[in-house]
1. Can you work out D for the stretch 101-173 in µm² s⁻¹ from Stokes-Einstein, where Rh is the Kirkwood radius over C-alpha pairs, the temperature is 37 °C and the viscosity is 0.692 mPa s?
2. Provide the gained length on full extension for the span Asp165 to Asp289, in nm with one decimal, where the gain is 0.36 nm per separating residue minus the Cα-Cα distance.
3. Whole number in Å², please: accessible area per residue of the stretch 1-62, 1.4 Å probe, ligands, DNA and RNA not counted.
4. In Å and from the alpha-carbon atoms only, list the Rg and Dmax of the stretch 82-217.
5. Name the long-range amide H neighbours of Ile183: under 5 Å, sequence gap of 5 or more, or other chain; modelled H, no Pro or chain starts.
6. Which whole-percent values make up P(r) of the stretch 1-159 when all C-alpha to C-alpha distances are grouped in 5 Å steps starting at zero?
7. Simple spin-label model, 7 Å along Cα-to-Cβ: Ala330 to Thr19 in nm?
8. Thr33 versus His296, label points 7 Å from Cα toward the beta carbon: distance in nm?
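The values are calculated or read from the model by the stated rules, or taken from the named source; none is laboratory data. Just so we're clear, the structure is a prediction, and the values are computed from it rather than from any experiment. Note that we place each Cβ from the backbone using ideal geometry, even for glycine, and neighbour counts take in every protein chain shown. Just the protein is used for accessible areas: all its heavy atoms, side chains included, with ligands, DNA and RNA removed. Shrake-Rupley method; radii C 1.70, N 1.55, O 1.52, S 1.80 Å.
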Amino acid sequence: MTMNDTVLSVGTLVAEPGTKARGHVPADLGTLTADIPLTLVNGTRPGPRVVITAGVHGGEFPPIDAVVRLADELEPSEVHGQVIICPVANPPAVYRGRLNISPVDGVNLNRVFPGDPAGGPTERLAAWLFTHLVDGADVYIDLHCGGIDQVLRDFVGYRLTGDPDLDKATAELAGSFGIEDVIIGLTPEGGNSHAAAARRGISAVLVEVGQLGQRDEATALRRVDGLLKALRHLGVLDQDGSAPAPIREWVWSAGVTADAIGLWYPEFSFDADVIGEVAEGDLLGRIVDPTDGREHTVHAPADGRIFYGMHGLTVAPGTELAALAVPWDADTAARADTLRAPGLGAGSDEADPRP
């Protein structure tokens, strides 16, 4: 049996082959230092290096819970390769802000990857995460969920890069989690973590499971099960003989943002399991001025299935209210230039930087 003789280290945290190391590594963000919690699992046999992050956004608790459980469960003696787990990638937002934007500088970390080591605090954090974690990875998995004000259908997302081997490997990875819906981003552009990783030749996916930031054991265990499936697919863990579940492929068709300040009353269900299909022009909801009751109606700009929607009551111009996707097939591909991915508001992590 070939043994792994590679030491795994991030900053001062070190895991010798066949060991697990847990601790905090300081990240210098210029005006402050953030302690980044990490678990390093260094297997006994060669294999890929997989980096898993959660807590890029505040208020997204299920993925944090899941990766902590995964870190507890993984045994180095069972691992081929190396696994780096970061349960709280953005401590200011997770512990202090509980929103997508950081309370330190008002910046959304998942819009500025791969970051700038000479920029503001959040840009420096993005650069630290890429330099110390992502850039050394063969595979990158970034975990999210619907935040404290968002309903969301479970899905996996990835970006097409034009590299056929990379795109094939990432598509197979996306289908390995046991999640039925896979949303394909048509370009690797933008400041999302998985898009920036894809541009560097890393097989990278976004995994969205859970909504409203709700922490419950069933969701956490479902997420752990999906991660274990993916690690078996990658050969990090031994195969268990199970076949991959069937998937449905989608592509974003439109994003919907508020054009007024007020109170949001959606017409679609808050139950993620029954968020349904809409046709272009359908009423999605109303924004009501709390002063005089004046209504601004919001209509679907395109056909599609609602994959996430705003649950919060108060909205401002630019707040993302919903994101729509359509099946990815030959007909959709033929009209790809008419599709509009969600914008750069508070919602989708698949956001496209194009106007």
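1. Details: Rh = 14.4 Å.
This corresponds to a translational diffusion coefficient of 228 µm²/s.
2. Details: separation 124, 0.36 × 124 = 44.64 nm, distance 5.16 nm.
Additional length available on full extension: 39.5 nm.
3. Per-residue accessible area for the stretch 1-62 comes out at 41 Å².
4. When restricted to Cα atoms, the stretch 82-217 yields Rg and Dmax of 14.8, 42 Å.
5. Here the answer is Val156, Gly157, Tyr158, Trp250, since their amide H atoms fall under 5 Å of that of Ile183.
6. Bins of 5 Å from zero give 2, 10, 18, 22, 19, 14, 9, 4, 1, 0, 0 percent of pairs.
7. 5.8 nm
8. Calculated label separation equals 4.5 nm.
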